[in-house]
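Every number in this text was worked out from the coordinates using simple rules, so none of it is lab data. Treat the numbers as computed from the prediction; the structure is a model and nothing was measured. Please note: Cβ atoms are built from the backbone with ideal geometry, for glycine as well, and neighbour counts cover all protein chains shown.
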Amino acid sequence: MSKNFFAKTFTLNNGLKIPCIGYGTWELPEGGKTISAVKGALSAGYQHIDTAAAYENEKSVSLAIKEANMSRNEVFITSKVWLTSMGYDKTLVSFDKTLKALDTDYLDLLLIHVPAVESMIEQWQELNLSTWRAMERLYKEGAVKSIGVSNFLPHHLNPLLEKAEIVPMVNQLEFHPGYMQKEAIDLCKVNNILPEAWSPLGNGKLLADSTLADIAEHYNKTPGQICVKWSLQHGVLPLPKSLSPAHVSENLNVFDFEISDEDMQIIDALPHIGGVFWNMDEPRKLFYLARELNP
């Protein structure tokens, strides 16, 4: 593979090119299953792998890259700082652990995985900001090529933007037909923050929708391909996940057609069909860990 391998990309607000479709690894466990899945994705042509410390599969991602005989500069790797690792010092410690697990000396993109919220800790804004300060330091030192957030809605993102020295390059959100999160996406675009879509296939449930099936048939594509292309046409980078080799390849094969404006509007108008719909502000299962969170 050529070192000039990013054929189709978005450009982040710092000028960094990011492959416009990534392979998501959420819910893939550490071990052979994930190694095989990621290796298969790389063989199919993916050049962007999205993982996280909380997924507990960073080591498997690293092994898959090695087994696929990929050079480090041929793969764009994203990881994330989990809630219980937030705060300035803890973020730096967490980042070192991530580098060791991924067996690399830099990351292409580091995200705050979820925002600290008021239901968990009174000083939630300070915790988000101190975590961001640590990430700004890592970015300035060249340990990460880009930094961003994940699952930040406007009322989480705006306080950070008011005090951040560096504007996030990415905000990764649940985004798919039936769940567009328009206010959050619009805020990203106003601030030149690239939105990324986790669960762009609605946790797989969208694939059985009759409207999407009809539209897919019209373009001689699958419902999954329609979801991926719809995301791209909205300027949102999709991170589809599949264990099926056929579907893994299909999700990349979306550059030979355009969805018409009329069909885009039909897809935009779809109701909630499938997805996770995680409310970031509800008390979480990890609420009992709030006492460990320190700005």
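Rounded to the nearest 500 deg cm²/dmol, what is the calculated helix-only ellipticity per residue at 222 nm for the chain, with -39500 (n - 2.57) per DSSP H run of length n ≥ 4?
Working: 10 runs with 109 residues, N = 295.
Taken over the chain, the calculation gives -11000 deg cm²/dmol.
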Share of alpha-carbon pairs per 10 Å distance bin for the chain, given as whole %: 6, 29, 36, 23, 6, 0
In debye to the nearest 20, how big a dipole does the chain give about its Cα centre with +1 on each Lys and Arg Cβ and -1 on each Asp and Glu Cβ? 880
I want to check the label-to-label distance for Glu122 and Asn13. Put each point 7 Å from Cα in the C-beta direction and report it in nm to one decimal. 3.2
Checked region 1-87 against the a/c 1.5 cut and the a/b vs b/c comparison, axes a ≥ b ≥ c from its Cα gyration tensor; verdict oblate
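What does the extension gain come out to for Glu30 and Glu165, with contour length at 0.36 nm per residue minus their alpha carbon separation?
Numbers: separation 135, 0.36 × 135 = 48.60 nm, distance 3.56 nm.
Taking Glu30 through Glu165 to full extension adds about 45.0 nm, to one decimal.
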Viscosity 1.306 mPa s, temperature 10 °C, Stokes-Einstein D of region 41-96 from Kirkwood C-alpha radius, µm²/s: 129
Any idea what the alpha-carbon Rg over 2.2 N^0.38 Å comes to for region 189-243? 1.20
Ranked from highest to lowest mean number of other Cβ atoms within 10 Å per residue, what is the order of the peptides 272-279, 112-119, 143-150, 207-214? 143-150, 112-119, 207-214, 272-279
Reduced Cα scattering model of region 147-239, Debye log10 I(q)/I(0), q = 0.17, 0.26 Å⁻¹: -0.69, -1.26
Counting residues in region 1-146 as N, plug N into 2.2 N^0.38 Å and put the Cα Rg over that result. 1.06
Near the amide H of Ile147, under 5 Å away, which other amide H atoms are found, from residues 5 or more places off or on another chain, if H is placed in the peptide plane? Leu110, Met169
